[in-house]
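**Q** One structure is given below, represented as structure tokens, and several questions about it will come after.
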Ligand SMILES: NC(=O)c1ccc[n+]([C@@H]2O[C@H](COP(=O)([O-])OP(=O)(O)OC[C@H]3O[C@@H](n4cnc5c(N)ncnc54)[C@H](O)[C@@H]3O)[C@@H](O)[C@H]2O)c1
């Protein structure tokens, strides 16, 4: 399973799952464009990739800003010559029960988690269609399948990613481009580390494989879906959740 010669764009790759995906694809041989709103931390990811003897560059990019995404994708194409792989990983939470949810928290989550996926996918697609090759993996969540009290905005954004991905998969399957979704369960990252202890314990009690997921568990799944071994897989949702949702 080699990604030698491939160029990958990973969003939200400054930390957590996105960083581990970037490192895993680099280990498999890909060069990496590391995009995040946290530019300095994205540069740290770049330095780690460079120790693996792969080319990498950091881009300060807000996925919810359509113009910025298109400009950055053009820049990446100039810098690397092409984009073969897109991993839409950037995402946020703004949790509260619906009765108290502020409109701005609804809008913010949808604009990053969902419109961000639209922006980045549309921007890279122009190039992928020309080269008649591409691999797109969108990071959703178990919460988009099960729902979760206090996360109606987040769950809506993640469920929508699945419908979006299946539609795009049908649109571009004949052009050598696959589109798949990974729905992680509860993964140990900065996003979940700030949850109250009793919430974490509640999640753990629901996981048949008795541990939290690790960023590597997700990164390995991405590496498979973007490889040539997965060329006949499109429009699928891969649940990586320790059995939390079956
Ligand atoms: N951690 C989990 O348990 C879990 C479970 C299911 C799904 N996910 C999803 O996995 C993805 C990564 O989550 P994580 O746990 O690593 O989170 P994280 O908060 O640790 O990392 C998210 C990264 O996205 C970046 N980001 C945020 N807004 C951005 C924007 N507007 N433009 C560009 N980058 C932006 C952040 O700066 C950060 O580097 C998210 O889509 C998340 O919803 C996480």
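Every number here is computed from the coordinates shown, using simple stated rules; none is lab data. Because the structure is predicted, anything quoted here is derived from the model rather than measured. Note that we place each Cβ from the backbone using ideal geometry, even for glycine, and neighbour counts take in every protein chain shown.
**Q** Can you list, bin by bin at 10 Å, the percent of alpha carbon pairs in the stretch 148-214, starting at 0?
**A** Percent of Cα pairs in each bin: 17, 37, 27, 16, 3.
**Q** Could I ask something else about it? Do you know the relative contact order of the chain, to the nearest whole percent, from alpha carbon pairs under 8 angstrom that are 6+ apart?
**A** 20
**Q** Order of 117-123, 136-142 by packing, highest average Cβ count within 10 Å first? Mind showing how you got there, number by number?
**A** Working: 117-123: 22.6, 136-142: 26.0.
So the order, starting with the most tightly packed, is 136-142, 117-123.
**Q** Compute the angle between helix 16-27 and the longest alpha-carbon principal axis of the chain, please, reported from 0 to 90 degrees and rounded to the nearest 10.
**A** Orientation of helix 16-27: about 30 degrees from the principal axis.
**Q** Given the convex hull over the Cα atoms of the stretch 1-114, what projected area results after averaging over all orientations, in nm²?
**A** Its Cα hull, projected and averaged over all orientations, spans 7.5 nm².
**Q** Average projected area of the Cα convex hull of the stretch 7-238, in nm²?
**A** With every direction weighted equally, the projected area is 12.3 nm².
**Q** Could you work out how far helix 103-113 tilts from the main Cα principal axis of the chain, as a 0 to 90 degree angle to the nearest 10?
**A** With rounding to tens, the tilt is 40 degrees.
**Q** Would you mind ranking 212, 3, 204, 9 so that the residue whose beta carbon has the fewest other beta carbons within 10 Å leads the list?
**A** Ascending number of Cβ neighbours within 10 Å: 204, 212, 3, 9.
**Q** Specify the angular offset, from 0 to 90 degrees and rounded to the nearest 10, of the alpha carbon long axis of helix 215-225 from the longest principal axis of the alpha carbons in the chain.
**A** Computed tilt is about 50 degrees.
**Q** Okay, moving on. What value, in deg cm²/dmol to 500, does the helix sum -39500 (n - 2.57) over DSSP H runs of n ≥ 4 give at 222 nm once divided by the residues of the chain?
**A** -14500 deg cm²/dmol
**Q** When ranked by the protection proxy of mean other Cβ atoms within 10 Å per residue, highest first, what sequence do the peptides 179-192, 86-99 form? Kindly include the intermediate steps, with their values, before the conclusion.
**A** Details: 179-192: 21.3, 86-99: 19.7.
Result, highest mean first: 179-192, 86-99.
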